[in-house]
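Worksheet: the structure to be examined is printed underneath.
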Amino acid sequence: MSQIDIWDDTGKRAPDLAGLLEYFPGFFDKAESQVLFDSLRSSVQWKQETLRLYGKQIPTPRLTAWYGDEGVAYKYSGRTFYALAWTEELLYIREKLANVTGVSFNSVLLNLYRDGNDSMGWHSDDEPELGTNPVIASVNFGQERRFDFRNKTDHTEKYRINLANGSLLVMKGDIQHLWQHQVAKSAKVKDGRINLTFRVVKK
């Protein structure tokens, strides 16, 4: 684990997030990250879901997939998703995460950002199925992307961190109650990124 390089637009570090985040920049080495990125991109059953926004169904600006233990379901944006069966690669990653976090994750949400046009809007992972203070392990392969945080009660208080290829970011404590996060569009980003957020969904 390294010191978390998270800052605001003036270059000030983020003491408010101390103890709520752990960052492991080289959790997977470069060679293994490339192998896993290529394998996941080709083998995962990616879908472009739709979300209801202002009375209209619009496609999400990324591809997603949901895997996990049998019978695990997850509600997101008014829809219920049922987990696909674990793949060999996902089980390998889950076991490696358990050795570091001490958490036996029962599901993972995967997002494929094809380039800088794909994004994720402001939100918190605070669905009831995740419990009161969930531990969420976020694994990243491919193109480095900026990950933004903003205070729920004061949207002018914002911080950001660059999530590198092969990195692991663990979010814990009450961070989901106090902060939102996003992956914004970026014209500078040309390559793809796969993000895996491992969770424990309460049955």
| query | Name the residues in the stretch 94-113 that are in contact with a Leu (Cβ under 7 Å, 6 or more places away or on another chain) and under 18 Å from TRP46 (Cα atoms), would you? | reply | VAL108, LEU110, LEU112
| task | Could you tell me which of the residues VAL72, VAL139, VAL135 is among the hydrophobic types (A, V, I, L, M, F, W, C), in contact with a Ser or Thr (Cβ under 9 Å, 6 or more places away or on another chain), open to solvent by less than 10 Å² (accessible area, probe 1.4 Å) and within 19 Å of LYS202 (Cβ to Cβ)? | result | VAL72
| query | If you take just the strands (runs of 3 or more DSSP E) that sit entirely in the stretch 44-88, which of them hold at least 2 residues that are in contact (Cβ under 8 Å) with a residue 24 or more places away in the chain and either in contact with a helix residue (DSSP H, G or I) (Cβ under 8 Å, 6 or more places away or on another chain) or small (Gly, Ala, Ser) (or both)? | reply | 63-68, 73-76
| message | Being without any contact (Cβ under 8 Å) to a residue 12 or more places away in the chain and charged (D, E, K, R): is that true of ASP154 here? | response | yes
| said: Considering only residues that are under 23 Å from THR80 (Cβ atoms) and open to solvent by less than 40 Å² (accessible area, probe 1.4 Å), which ones fall in the stretch 186-203? | reply: ASN195, LEU196, THR197, PHE198, ARG199, VAL201
| field | From ASP9, ASP38, residue being surrounded by fewer than 16 Cβ atoms within 10 Å (Cβ to Cβ) and either modelled with pLDDT under 90 or assigned to a loop (DSSP other than H, G, I, E, B) (or both) | value | ASP9
| said: Just the residues that are under 18 Å from the mean Cα position of the chain (by Cα) and modelled with pLDDT under 85, please, taken from the stretch 74-91. | reply: TYR74, LYS75, TYR76, SER77, PHE81
| request: Can you run down the residue pairs with Cβ atoms below 7 Å, 6 or more apart or on separate chains, where the first is in the stretch 95-113 and on the phi < 0 side of the Ramachandran plot and in a loop (DSSP other than H, G, I, E, B) and the partner is among the hydrophobic types (A, V, I, L, M, F, W, C) and open to solvent by less than 10 Å² (accessible area, probe 1.4 Å)? | output: PHE105/LEU97; PHE105/ALA137; PHE105/PHE198; ASN106/VAL72; ASN106/VAL201
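Which ones in the stretch 165-185 are open to solvent by 40 Å² or more (accessible area, probe 1.4 Å), in a loop (DSSP other than H, G, I, E, B) and farther than 26 Å from ASN99 by Cα? Step through it out loud before you land on a result.
Keep residues of the stretch 165-185 that are open to solvent by 40 Å² or more (accessible area, probe 1.4 Å), which gives 165, 172, 174, 177-178, 185.
Subsequent filtering for residues that are in a loop (DSSP other than H, G, I, E, B) retains 165, 172, 174, 185.
Result: LYS185, single match.
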| remark: Checked against (1) at pLDDT 95 or above; (2) among the aromatic types (Phe, Trp, Tyr); (3) open to solvent by less than 40 Å² (accessible area, probe 1.4 Å); (4) over 19 Å from TRP66 (Cβ atoms), TRP122 satisfies every condition except (3)
| If you check every pair at least six apart or on different chains, which have Cβ atoms under 8 Å apart with a residue in the stretch 19-31 that is farther than 15 Å from THR101 by Cβ first and a residue that is surrounded by fewer than 17 Cβ atoms within 10 Å (Cβ to Cβ) and among the hydroxyl-bearing types (Ser, Thr, Tyr) second? | PRO25/SER2
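The values are calculated or read from the model by the stated rules, or taken from the named source; none is laboratory data. Bear in mind the structure is a predicted one, so any value in this text is a computation, not a measurement. Cβ atoms come from the backbone with ideal geometry, glycine included; neighbour counts cover every protein chain shown. Just the protein is used for accessible areas: all its heavy atoms, side chains included, with ligands, DNA and RNA removed. Shrake-Rupley method; radii C 1.70, N 1.55, O 1.52, S 1.80 Å.
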